[in-house]
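Data first, discussion second: the structure below is written as structure tokens.
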Amino acid sequence: MPARNILVINCGSSSIKFALVNEEQAAFPLQGLAERLGSPEAVLHWQLGEAKESLDIPHADHRAALERLLPLAQEAAGGHLDGIGHRVVHGGEHFTGSTLIDDAVLDAVRTAAQLAPLHNPANLTGIEAAMALFPGLPQVSVFDTAFHQTMPEYAYRYAVPEFLYREHGVRRYGFHGTSHLYVSKRAAELTGLPVNDSCWLTAHLGNGSSTCAIVNGESRDTSMGLTPLEGLAMGTRSGDVDPNLHNYLARNLGWTLDQVDRMLNHESGLKGLSGLSNDMRTLYEARIAGHAGASLAFEVFCYRLAKSLAGMACALPRLDGLVFTGGIGENSSAIRARTLEHLKLFNFKLDDEANARCIRGVAGEIQATGSPRVMVVPTNEERQIAIDTLTLLDA
Ligand code: AMP
């Protein structure tokens with residue numbers, strides 16, 4: 001049987017990220033981004049092999065952009081696509097794994113949209129457009145939340161009245177599941193440990209960031225909650241704050257819920273603390289140049305991360321390794337080093353040379369002799385979505 005090709009689609013409200021994944025090739029034959037959809041500046045960028053191209057597609061919506069990118073995907077796949085894998089942010093409690101899409105699945109994704117009003121509707125738009133364009137092709141949805149459905153109840157429940165959970169789904173769900181799953185499996189592969197007998201702490205550190213405790217291939221706890229706002233300090237998100245902050249700002253500043261929501265999601269985190277940028281690379285450079293806000297943002301990020309990892313350790317019977325991933329985790333040796341300085345009780349110690357070497361896609365172990373294992377493992381959510389899609393096709 002020839003190697004199969006899966007088109008992986010990740011729809012945002014005005015963008016589509018896509019990649020063609022071939023089951024036997026490490027590099028994606030085709031990848032790209034359609035952005036500013038619905039506006040006069042809509043544009044499609046793609047990379048086919050080494051060649052990069054762009055095409056203006058003024059006013060194109062999701063469907064029009066998919067119509068443009070399908071022939072590209074089919075050509076890159078040698079004329080034959082085997083399936084499409086869609087990233088869907090929230091699967092609620094309904095989805096404990098990836099699933100072939102049918103009308104019942106679409107209904108359940110619509111229901112879960114009340115938990116992710118910004119993300120699920122965009123994901124649905126992409127699925128519906130792709131199904132209309134390729135009715136004969138199997139399509140699979142892969143949920144950011146599904147991997148965390150193995151958390152025990154004591155980890156996923158908030159200490160709030162029970163009816164809020166039973167009647168309104170108020171609980172911790174967790175996100176970035178595809179990434180935590182992928183890097184923990186890779187870490188097991190790279191170290192020769194069996195997935196079903198290994199224990200990991202994973203830190204996915206990008207614009208959004210979360211930690212996870214994984215035991216024998218299952219998520220046991222994670223730092224994000226009902227929404228991706230809970231947990232670590234992130235690019236523009238505050239992470240954990242005192243829940244009474246809402247009340248305080250309403251009473252003292254007259255803020256509405258929408259204002260608080262906007263501030264916590266878009267004006268906080270690294271951006272809010274530094275007053276400079278949500279981008280860790282920019283902050284790292286500014287910190288070296290003596291920018292006090294950038295320095296504070298860097299320090300808060302590392303300390304909160306260390307605290308979260310120490311908390312996640314409660315979910316593990318032992319530790320086989322701590323894994324860093326995501327744009328920051330894969331590239332910033334300084335963040336990794338500073339975070340571990342706060343975890344002295346765990347006896348972490350880095351090999352400075354290995355820590356400096358593991359950047360820009362280089363995976364490896366970076367601990368010094370005698371320290372628990374610390375790894376850098378580049379994430380590959382597209383590959384995990386393609387793996388899930390192929391597994392369902394095989395079934
Ligand atoms: P992601 O959302 O996974 O693409 O990660 C984006 C984040 O990774 C941004 O904050 C980038 O500044 C950060 N990043 C990428 N490269 C580096 C680097 N060399 N040092 C620090 N942060 C980096």
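Calculated FRET efficiency, Thr111 and Met1, Cβ-Cβ r, R0 25 Å, to nearest 0.05? List each step's numbers first, then the result.
On the way: r = 37 Å, r/R0 = 1.49.
Using R0 = 25 Å, I get an efficiency of 0.10.
Would you mind telling me the antiparallel percentage of the DSSP bridges in the chain, rounded to 5?
On the way: 40 of 57 bridges.
DSSP beta bridges in the chain are roughly 70 percent antiparallel.
For the chain, what is the number of Lys pairs with C-alpha distance below 30 angstrom, counting only pairs 8 or more positions apart or on separate chains?
11
How large is the Kirkwood hydrodynamic radius of segment 1-154, counting all unique pairs of alpha carbons, in Å?
Kirkwood hydrodynamic radius for segment 1-154: 16.0 Å.
Find how many whole Å separate the alpha carbon centroid of segment 18-89 from the alpha carbon centroid of segment 131-156.
If we compute the Cα centre of each part, the gap is 21 Å.
Reported to two decimal places, what Rg/Rh ratio describes segment 243-291 when computed on Cα atoms with Rh from the Kirkwood expression?
With Rg and the Kirkwood Rh in hand, the quotient comes to 1.15.
How high is the relative contact order of segment 129-222, given as a whole-number percent (alpha carbon pairs under 8 Å, six or more residues apart)?
Computed value for segment 129-222: 28 percent relative contact order.
Using Cα pairs under 8 angstrom and six or more residues apart, how large is the relative contact order of segment 8-123, in percent?
Worked out over segment 8-123, it gives 24 percent.
Across bins of 5 angstrom width beginning at 0, how are the C-alpha pair distances of segment 102-237 distributed, in whole percent?
Reading the bins upward from 0: 2, 10, 16, 18, 18, 16, 12, 7, 2, 0.
Probe radius 1.4 Å, ligands and nucleic acids ignored: give me the carbon and sulfur share of the accessible area of segment 323-368 as a rounded percent. Don't skip to the answer; put the middle values down first.
Working: 1130 of 2230 Å².
With neighbouring chains kept in place, the figure for segment 323-368 is 51 percent.
For Glu23 and Asn244, compute 0.36 nm times the residue count separating them, minus their Cα-Cα distance, and round to one decimal in nm.
That works out to 74.6 nm of additional length.
Given axes a ≥ b ≥ c from the Cα gyration tensor, I'd like to know whether the chain is rounded (a/c under 1.5), prolate (a/b larger than b/c) or oblate.
Taking the square roots of the gyration eigenvalues as a ≥ b ≥ c, the chain is rounded.
Along each of the three principal axes of the Cα atoms of segment 182-341, give the extent in whole Å, ordering the values from largest to smallest.
Result for segment 182-341: principal-axis Cα extents of 55, 37, 22 Å.
Under a Cβ-Cβ cut-off of 11 Å, what is the net charge of the residues other than Leu44 that fall near it, where Lys and Arg count +1 and Asp and Glu count -1?
Values: positive: Arg36, Arg68; negative: Glu35, Glu53, Asp56, Glu67.
In short, -2.
Using label points projected 7 Å from each Cα along Cα→Cβ, tell me how many nm separate His168 and Thr256, to one decimal.
According to this spin-label approximation, the distance is 2.0 nm.
What FRET efficiency do you get for Leu345 and Tyr158 if R0 is 25 Å and r is their Cβ-Cβ distance, rounded to the nearest 0.05? All intermediate terms of the calculation are to be shown ahead of the outcome.
Details: r = 28 Å, r/R0 = 1.11.
Approximately 0.35, to the nearest 0.05.
Please report, to one decimal in angstroms, the Kirkwood hydrodynamic radius of segment 165-240 built from all distinct Cα-Cα pairs.
In segment 165-240 this quantity evaluates to 13.1 Å.
Provide the per-residue ³J(HN,Hα) series for segment 307-321, in order, calculated from phi with Karplus coefficients 6.51, -1.76, 1.60 and θ = phi - 60°, each as a whole number of Hz, with x at glycine and proline positions.
4, 5, 5, 4, x, 4, 4, 4, 8, 10, x, 7, 10, 8, x
In nm, to one decimal, how far is the modelled label at Tyr303 from the one at Asp394, with both set 7 Å along Cα→Cβ?
For the pair Tyr303/Asp394, the computed spacing is 4.8 nm.
So for the chain, averaging the separation of alpha carbon pairs under 8 Å that are six or more residues apart and normalising by length, what relative contact order in percent results? Before the final figure, lay out each step's value.
Working: 841 pairs, mean separation 53.3, N = 395.
That works out to 14 percent.
Shape call for segment 17-76 from the C-alpha gyration tensor, a ≥ b ≥ c root eigenvalues: rounded (a/c under 1.5), prolate (a/b greater than b/c) or oblate? Intermediate values should be presented prior to the final figure.
Values: a/c = 2.64, a/b = 2.07, b/c = 1.27.
Prolate shape, in that a/c is at least 1.5 and a/b is the bigger ratio.
Tell me, what is the 1.4 Å probe accessible area of Tyr284, in Å² to the nearest 10?
Result for Tyr284: roughly 90 Å² accessible.
Rolling a 1.4 angstrom probe over the protein heavy atoms, how many square angstrom per residue are accessible across segment 307-395?
45
Tell me, what % of the accessible area of segment 78-132 is carbon and sulfur with a 1.4 angstrom probe? Could the numbers behind the result be given before it?
Details: 1240 of 2310 Å².
So the carbon and sulfur contribution to the accessible surface is 54 percent.
Hey, what's the Cα Rg ratio for segment 152-192 versus the globular rule of thumb, 2.2 N^0.38 Å? Numbers along the way, then the final one.
On the way: Rg = 15.4 Å, N = 41, 2.2 N^0.38 = 9.0 Å.
Relative to the 2.2 N^0.38 Å estimate, segment 152-192 comes out at 1.71.
The values are calculated or read from the model by the stated rules, or taken from the named source; none is laboratory data. What you see is a predicted model, and the numbers here were worked out from it, not measured in a lab. All Cβ positions, even for glycine, are placed from backbone atoms using ideal geometry, and neighbour counts span all protein chains on display. SASA here: full protein model, heavy atoms, side chains in, ligands and nucleic acids out. Shrake-Rupley method; radii C 1.70, N 1.55, O 1.52, S 1.80 Å.
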